[in-house]
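Notes follow once the structure below has been shown.
The values are calculated or read from the model by the stated rules, or taken from the named source; none is laboratory data. Source: prediction; values computed, not measured. Please note: Cβ atoms are built from the backbone with ideal geometry, for glycine as well, and neighbour counts cover all protein chains shown. For accessibility, only protein heavy atoms count, side chains too; no ligands or nucleic acids. Shrake-Rupley method; radii C 1.70, N 1.55, O 1.52, S 1.80 Å.
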Amino acid sequence: MAIYRAFLTLGFWTMASRILGFVRDVLIASVVGASLVADVFFVAFKFPNFFRRIFAEGAFNSAFVPLFAEHLAKNGLAAAKQFAAQVNAIMVSVLTAFILLALLLMPWLMILVAPGFKEQPEKFQLVIELTQITFPYLLFMALLSLLGGMLNALDRFAATASAPIGLNLILIAVLLLVRDGVVSSTAHALAWGVCLSGVIQFLWLVFACHRAGLLFRLPYPKLSPEVKRLLRLMLPGVIGAGVVHINLVVDVILATFLAEGSVSWLYYADRINQFPLGVVGVAIGVALLPALSRNIAEGKLELAISVQNRAIELCLVLCIPASAAFLVLAEPIAVVLFQRGEFMTIDSKATAQALTAFAFGLPAFVLIKAFSPGFFARKDTITPVKIAAISMILNVIVAVFLMQFLAHVGIALATSLTAWINVFALAAVLIRRGYFRFDINLLARLPRIVFSTALMAAGLMVGVDALSSPLAGSELSRSSTLLGLIICGGSIYLVTIQVTGAFRLSDFRNKKGQG
């Protein structure tokens, strides 16, 4: 399958999920604002997601997909399914024990994760209770990663990409029940919604695997040679993914020491920033790894380099303008999306400030997803660990320094700065080892993309200046104004990239992106 077509499939379903995610976050902002309940729920939601990103989306997926693809290519579907079944049995056993232990130790774990809440007993007790409810979500997300990895290896991307829609629909339903007074405890209802959504998403992929002929019987857990090989590949990846995502936990830990609402402001800003990151970055990462693994396993090294260049092109052509738009329109976006109900003007301003800092690093966050598969496809999970470790240490140092002057904005800015360091290091190592080089097409298009983005940003600034009070008026008026600015900016960019040849719609055809 062409990398562009795979990206479009993943991008479509991811965008659908992100749109529903925005609806969810708009409801959360309206119902609980940036309050104590919001701060506590976001910590409880992030904690299982931290481990999910390490074990499921990070190390496991990066090690499992190349090995499953290798079994599939060399030994056929039956052998690949047997390997997946062995891995699944070990995963269920280990994660069940881990989750039970974490539930027992949760009061002590929360001292590490939310130390700033310790001075408020009611807040601290609530975060313990909510995290105990949300933590089993981890098991279902890990199983989701295995089933999704099998489907992705067969170029079946839609089911995996659409699964997160279940989380958003359930939380939206919960929030509507809370708003209408049907449910009394907002915090507990949201936590139970997260847990239930894990079950729903898992069952959705079970159905998809059944249709694809990928289901298997769960064997007795056994450390077979192939499972041990997977674990050896995973170990540095677990450390590496842990290092990367510790940055996110560090952000939360540091924010708990700041003014109430800081955790929520960072969350809402990150959710806006995650829209292009999720649609582009996740889609690129998921589509790229199987394509690179397959090409490298078949000895098509030049094609692998070409595929990676095309993936980077997609990252740049979509994320550079998104970053610029967020920098110019940060406050209008925060106001239109969240400012209603319990979410006040001060919350919009604080969220917009954090979004500006995150936007600076948006292209870097996505490029990490495009460069990392260059290592994972070659079964090298150690090098990204070393790079990520350096980035993590720098992030902590820079964040602690900047928050003294910029409060929560300093935390976001530190995350962006260290993301760029991570990108440059990944690219430099790949190039030095001969695994990657920037081809002529990419080098020719980059300045055109930057030029097109500059024209778009200038147009947006002129539009904002022309409107004396773009945030005044009714909610409908503000929304219409923002939509008009986005349409105008997007039109300028689309026309310019067509005229300059930075990127054309015809590029999505199956040419050099063959994977």
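Within region 327-346, the only residue that satisfies the criterion of being part of a loop (DSSP other than H, G, I, E, B) and open to solvent by less than 10 Å² (accessible area, probe 1.4 Å) is Phe343. Close Cβ contacts (under 8 Å, 6 or more residues apart or on different chains) running from residues in region 473-486 that are closer than 15 Å to Glu331 by Cα and touching a residue at least 60 places away in the same chain (Cβ under 8 Å) to residues that are part of a helix (DSSP H, G or I) and of a type in the set (Gly, Ala, Ser) comprise Leu485/Gly463; Ile486/Ala325. Screening Lys118 on (1) open to solvent by 40 Å² or more (accessible area, probe 1.4 Å); (2) touching a residue at least 12 places away in the same chain (Cβ under 8 Å); (3) in contact with a helix residue (DSSP H, G or I) (Cβ under 6 Å, 6 or more places away or on another chain) shows it passes everything except condition (2). Among the residues of region 91-115 satisfying the criterion of being open to solvent by less than 30 Å² (accessible area, probe 1.4 Å) and among the β-branched types (Val, Ile, Thr), which is farthest from Leu144 (Cα to Cα)? Step by step, filter region 91-115, then rank; the result is Val113. There is no residue in region 126-142 that is farther than 25 Å from Ile200 by Cβ, at pLDDT 90 or above and either touching a His at 6+ places or on another chain (Cβ under 8 Å) or open to solvent by 50 Å² or more (accessible area, probe 1.4 Å) (or both).
In the set Leu442, Leu402, only one residue is out of contact with any Asp or Glu (no Cβ under 6 Å at 6 or more places or on another chain) and either of a type in the set (A, V, I, L, M, F, W, C) or touching a residue at least 60 places away in the same chain (Cβ under 8 Å) (or both); that residue is Leu402.
Counting the residues of region 416-443 that are within 12 Å of Ile390 (Cβ to Cβ) and of a type outside the set (A, V, I, L, M) gives 3. The number of residues in region 143-158 being part of a helix (DSSP H, G or I) and modelled with pLDDT under 80 comes to 3.
Assessment of region 347-358 against the conditions (more than 15 Å from Leu430 (Cα to Cα), assigned to a helix (DSSP H, G or I), free of Cβ contacts under 8 Å to residues at least 24 places away in the same chain and open to solvent by 10 Å² or more (accessible area, probe 1.4 Å)) yields at least one matching residue.
Residue-wise test of (1) among the aliphatic types (A, V, I, L, M); (2) open to solvent by 40 Å² or more (accessible area, probe 1.4 Å); (3) under 28 Å from the mean Cα position of the chain (by Cα).
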| position | (1), (2), (3) |
| --- | --- |
| Pro384 | no, no, yes |
| Ile397 | yes, yes, yes |
| Leu406 | yes, yes, yes |
| Ala412 | yes, no, yes |
| Leu426 | yes, no, yes |
| Leu442 | yes, no, yes |
| Gly459 | no, no, no |
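Report yes if Ser416 is of a type outside the set (Phe, Trp, Tyr), modelled with pLDDT under 90 and surrounded by 18 or more Cβ atoms within 10 Å (Cβ to Cβ), otherwise no. Here the answer is no, as Ser416 does not meet what is asked.
Evaluate the following for His210: is it surrounded by fewer than 22 Cβ atoms within 10 Å (Cβ to Cβ), closer than 27 Å to Pro290 by Cα and at pLDDT 85 or above? Yes; evaluated as a whole, the condition is true for this residue. Please specify each residue of region 74-89 satisfying the condition of being surrounded by 19 or more Cβ atoms within 10 Å (Cβ to Cβ) and of a type in the set (Lys, Arg). Listed by number, the list holds a single entry, Lys81.
Restricting attention to region 380-393, does a residue exist that is polar (S, T, N, Q), part of a helix (DSSP H, G or I) and farther than 21 Å from Leu277 by Cβ? Yes: region 380-393 contains one or more residues that are polar (S, T, N, Q), part of a helix (DSSP H, G or I) and farther than 21 Å from Leu277 by Cβ.
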